[in-house]
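Working notes, beginning with the structure itself.
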Amino acid sequence: MANRDVDIAIIGGGPAGMATALAALKAGLTTRIYERYSHARPAGNILNLWPPPLHALECMGVDVKDIGAPCRTTFCSSTGSARADVKMPEDAAGFVGLLRPDLYERMLAALPGGTVEFNRNATTISDNGDHVQLAFADGSSVRAGVLIGADGIDSVVRKHLWGDHPKRSHDLAIIGGFTFEPAEGAELNECVLMHGRRVQGTYSSILSKGRKGHQWWVLEAWPDAKEAPADLHSHALQLARGFSGPLATIVEKTPEANLQRWPIRDRVPLTQWAKGRISLAGDAAHATSPYAAYGAGMSICDGYFIGQKLRGINLSDTGAVEAALAAYESCQREHTTAQVNQAYFLGRLFHHTPFPLTLVRDTVLDWTPFLQWVVGDTNPKEIMAQLDVMGPGIVV
């Protein structure tokens, strides 16, 4: 490897970083992930994956058998009246509900030993034309043919490339959890998203190591500057009781250890990700509100496309590297930008519409096909269209 120690260097060991490594290895490229923490740290507890990332994972050698519970998704009012049915092709399942640590475990198991280097905090990045130089806090350095910043919403690689842009606060917060205790009225293989005047309440099936259960979340308007509730479980249960059906029972049966709360923030989408031999993946490129239910999935697909477009490229040819990174970006940037913007719009629509416009909003949602068109028909088609872009696999 002329003038480099590794073909692909990846900063960040989350889903985007691991997917990029898996795809690059499939493409025959030497790869290292540099993770600043001492171990893989799932950023959250619950997760959903749509068919495109599941296809990507399988192509990259990850065992996806029984990784989660396939779910049919319905949007409802707080009283349970259906507003939209997420329509998937007959030959495709909906998303699967799973636990984020299970995904990490499966992806790590597919990586060869030594691919991830922990306690590696990158401090300096330099694109030297024919390679990228990384310096670390421990005084070591690495020369790479390509650098992928998969280091999250606070990405140092994004800041290096495009400067420091503020995160966009949504003034929303989620409390989410999971339980394997049965709850009367909660059907398996379904996801129900309900909206009240200011709160979303959701539950869906999960499958974890053979155990069937349910994940749930309640999402509410909550100013970033406001202190979090002292008792998350009681607060979540109070919100869940505003919805019909089994949501409150599921919340009540959730152990305290299975609860987590996080504020929602994103970043305004970039118009370009790559510069020279450096590009971005995952939240570093397109931090997304969970209203898209697609952040981790898009991150996995990023990695897939990076491996696909770098396969067979002469990494000593800077022009070829730049063209490959531009091709990766062309597969994902427009799609992810649409998802980020739609998630932001839905958050504003459901949680920040002022009274009395909430009455108009709910009338439209209850008596017109607007929500069916946006989240029931259009969005699933756009997500499934990614399968056509992806093709049958990385190595064809």
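Just a few scattered comments:
- Matching residues, the stretch 28-53, being open to solvent by 30 Å² or more (accessible area, probe 1.4 Å), in a loop (DSSP other than H, G, I, E, B) and not polar (S, T, N, Q): Gly28, Arg36, Tyr37, His39, Arg41, Pro42, Ala43
- Some residue of the stretch 14-27 being within 30 Å of Thr202 (Cα to Cα), part of a loop (DSSP other than H, G, I, E, B) and not charged (D, E, K, R): yes
- In the stretch 77-102, of all residues being acidic (Asp, Glu) and assigned to a loop (DSSP other than H, G, I, E, B), the one that is modelled with the lowest pLDDT corresponds to Asp91.
- Residue under evaluation Glu322, criteria (1) open to solvent by 40 Å² or more (accessible area, probe 1.4 Å); (2) more than 19 Å from Ala24 (Cβ to Cβ); (3) acidic (Asp, Glu), criterion not met: (2)
- In this entry, Leu57 is excluded by the filter for residues that are open to solvent by 10 Å² or more (accessible area, probe 1.4 Å), in contact (Cβ under 8 Å) with a residue 12 or more places away in the chain and assigned to a helix (DSSP H, G or I).
- Yes/no for Leu365 being open to solvent by 20 Å² or more (accessible area, probe 1.4 Å), assigned to a helix (DSSP H, G or I) and under 22 Å from Ile174 (Cβ atoms): no
- Where helices (runs of 4 or more DSSP H) fall wholly inside the stretch 220-315, the ranges with 2 or more residues that are among the hydroxyl-bearing types (Ser, Thr, Tyr) are 295-310.
- Selection count, the stretch 329-362, where residues are within 20 Å of Thr202 (Cα to Cα), part of a helix (DSSP H, G or I), in contact with a Leu (Cβ under 9 Å, 6 or more places away or on another chain) and not hydrophobic (A, V, I, L, M, F, W, C): 3
- Residue match in the stretch 379-389 (condition: in a helix (DSSP H, G or I), touching a residue at least 12 places away in the same chain (Cβ under 8 Å), farther than 27 Å from Thr20 by Cβ and not small (Gly, Ala, Ser)): no
- Taken together, the criteria place Thr74 among residues that are in a strand (DSSP E or B), surrounded by fewer than 23 Cβ atoms within 10 Å (Cβ to Cβ) and among the polar types (S, T, N, Q).
- Members of the stretch 176-204 that are assigned to a loop (DSSP other than H, G, I, E, B) and charged (D, E, K, R): Glu181, Glu184, Glu187, Arg197, Arg198
- Top-ranked residue in the stretch 203-213 [being without any contact (Cβ under 8 Å) to a residue 60 or more places away in the chain and not aromatic (Phe, Trp, Tyr); ranked as least open to solvent (accessible area, probe 1.4 Å)]: Gly213
- Per the listing Ala150, Ala109, the residue uniquely modelled with pLDDT of 95 or more and open to solvent by 30 Å² or more (accessible area, probe 1.4 Å) is Ala109.
- Meets criteria (surrounded by fewer than 18 Cβ atoms within 10 Å (Cβ to Cβ) and closer than 21 Å to Ile306 by Cβ) for Val389: yes
- Test: residue in the stretch 330-341 that is within 21 Å of Ile174 (Cα to Cα) and either open to solvent by 50 Å² or more (accessible area, probe 1.4 Å) or in contact with a Pro (Cβ under 9 Å, 6 or more places away or on another chain) (or both): yes
- Odd one out for Ser208, checked against (1) over 26 Å from Asp266 (Cα atoms); (2) over 24 Å from the mean Cα position of the chain (by Cα): (2)
- Per this entry, Thr337 is not counted among residues that are out of contact with any Phe, Trp or Tyr (no Cβ under 9 Å at 6 or more places or on another chain), more than 28 Å from Arg261 (Cβ to Cβ) and either of a type outside the set (Val, Ile, Thr) or in contact (Cβ under 8 Å) with a residue 60 or more places away in the chain (or both).
- Any hit, the stretch 268-280, residues being surrounded by 24 or more Cβ atoms within 10 Å (Cβ to Cβ), in contact (Cβ under 8 Å) with a residue 12 or more places away in the chain and closer than 21 Å to Trp222 by Cβ: no
The values are calculated or read from the model by the stated rules, or taken from the named source; none is laboratory data. Predicted model only: the values in this text are computed from it and were never measured. Note that we place each Cβ from the backbone using ideal geometry, even for glycine, and neighbour counts take in every protein chain shown. Keep in mind that these areas ignore ligands, DNA and RNA; they rest on the heavy atoms of the full protein, side chains included. Shrake-Rupley method; radii C 1.70, N 1.55, O 1.52, S 1.80 Å.
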